[in-house]
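The values are calculated or read from the model by the stated rules, or taken from the named source; none is laboratory data. Treat the numbers as computed from the prediction; the structure is a model and nothing was measured. Please note: Cβ atoms are built from the backbone with ideal geometry, for glycine as well, and neighbour counts cover all protein chains shown.
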Amino acid sequence: MMKYLTTILLTISVLFQHCGYSQSQPDNKSGLSTMKKENNPVYSNTDSSKVNLSEEEWKKVLPAEVYYIARQKGTERPWSSKYETSKEIGTYYCAACGNPLFKSDTKFESGCGWPSFYEPISKTSVIYLEDKSHGMERTEVECGRCHAHLGHVFNDGPPPTGLRYCINGVILDFKKAQQAAEQYKKK
Ligand SMILES: [Zn+2]
């Protein structure tokens, strides 16, 4: 019996350790609630100073799937992100550096298979680059703080901007709005 119990406990602790890598923990010490990531010293939801890591360093601090999108300009499979249809209220941050990128109230269902927004949080949240790869002329969107590849922006979005920011879900970290989280707890 003890043997079984130990195995179960070990399994649980391994599961928790695994979750601990990608799950974020709120940091309430500073009064500001911010997410933290183990092994990623540059990750911050409040520090807006630019991040300049070498590709080698990025490879060490990012999970493989995030590295592939952020640094190798990869694209996740359409319809694969849990954020694609999510209607939760809160903020989407860069999964590589924690920079706030989009608010949930600018999110809309575009039907394109990737999380879509019509406007970033601020003018400096993202930067724009010409992308002529794959025989197309597109505008690439990168994180304004760490230059992670996020996705592309197109001119067929809804008002008020008419823009569609088509973003890989893998490069997004979502944090529920505080108010919404409190209401949820009261239930
Ligand atoms: Zn970033």
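Residue 50: charged (D, E, K, R), modelled with pLDDT under 95 and out of contact with any Leu (no Cβ under 6 Å at 6 or more places or on another chain), yes or no?
Values: charged (D, E, K, R): yes; modelled with pLDDT under 95: no; out of contact with any Leu (no Cβ under 6 Å at 6 or more places or on another chain): yes.
Answer is no for this residue.
Scanning the range 53-71 for residues that are assigned to a loop (DSSP other than H, G, I, E, B) and touching a residue at least 24 places away in the same chain (Cβ under 8 Å), which turns out farthest from the chain's Cα centre (by Cα)?
Ranking the candidates gives 53 first.
For a quick check of your reading of the model, give me the residue pairs whose first member lies in the range 139-152 and is under 15 Å from residue 45 (Cβ atoms) and basic (Lys, Arg), whose second is part of a strand (DSSP E or B) and modelled with pLDDT of 95 or more, with beta-carbon atoms closer than 8 Å and at least 6 apart or on different chains.
Close Cβ pairs (under 8 Å, with a partner that is part of a strand (DSSP E or B) and modelled with pLDDT of 95 or more) amount to 145/94.
Which of the numbered conditions does residue 133 fail, given that it passes all the others? Conditions: (1) small (Gly, Ala, Ser); (2) under 16 Å from the mean Cα position of the chain (by Cα); (3) more than 25 Å from residue 176 (Cβ to Cβ).
Every condition holds for residue 133 apart from (2).
Take the residues in the range 148-164 that are crowded, with 19+ Cβ neighbours inside 10 Å and farther than 13 Å from residue 119 by Cβ, then tell me which one is nearest to the chain's Cα centre (by Cα).
Result: 150.
When you go through 122, 116, 104 one by one, which is the residue that is in contact with a Gly (Cβ under 6 Å, 6 or more places away or on another chain) and modelled with pLDDT of 95 or more? Don't jump to the end; show me each part of the working.
Details: 122 fails: in contact with a Gly (Cβ under 6 Å, 6 or more places away or on another chain); 116 fails: in contact with a Gly (Cβ under 6 Å, 6 or more places away or on another chain).
Selected residue: 104, the only one of 122, 116, 104 that is in contact with a Gly (Cβ under 6 Å, 6 or more places away or on another chain) and modelled with pLDDT of 95 or more.
Working only within the range 108-152, note down all residues that are outside any loop (DSSP other than H, G, I, E, B), more than 16 Å from the ligand (Cβ to nearest atom) and among the hydrophobic types (A, V, I, L, M, F, W, C).
Within the range 108-152, the subset outside any loop (DSSP other than H, G, I, E, B) is 108, 116-117, 126-131, 133-135, 138-143, 149-152.
Retained after the next criterion (residues that are more than 16 Å from the ligand (Cβ to nearest atom)): 108, 116, 130-131, 133-135, 138-139, 152.
Of everything in the range 108-152, just one residue is outside any loop (DSSP other than H, G, I, E, B), more than 16 Å from the ligand (Cβ to nearest atom) and among the hydrophobic types (A, V, I, L, M, F, W, C), namely 108.
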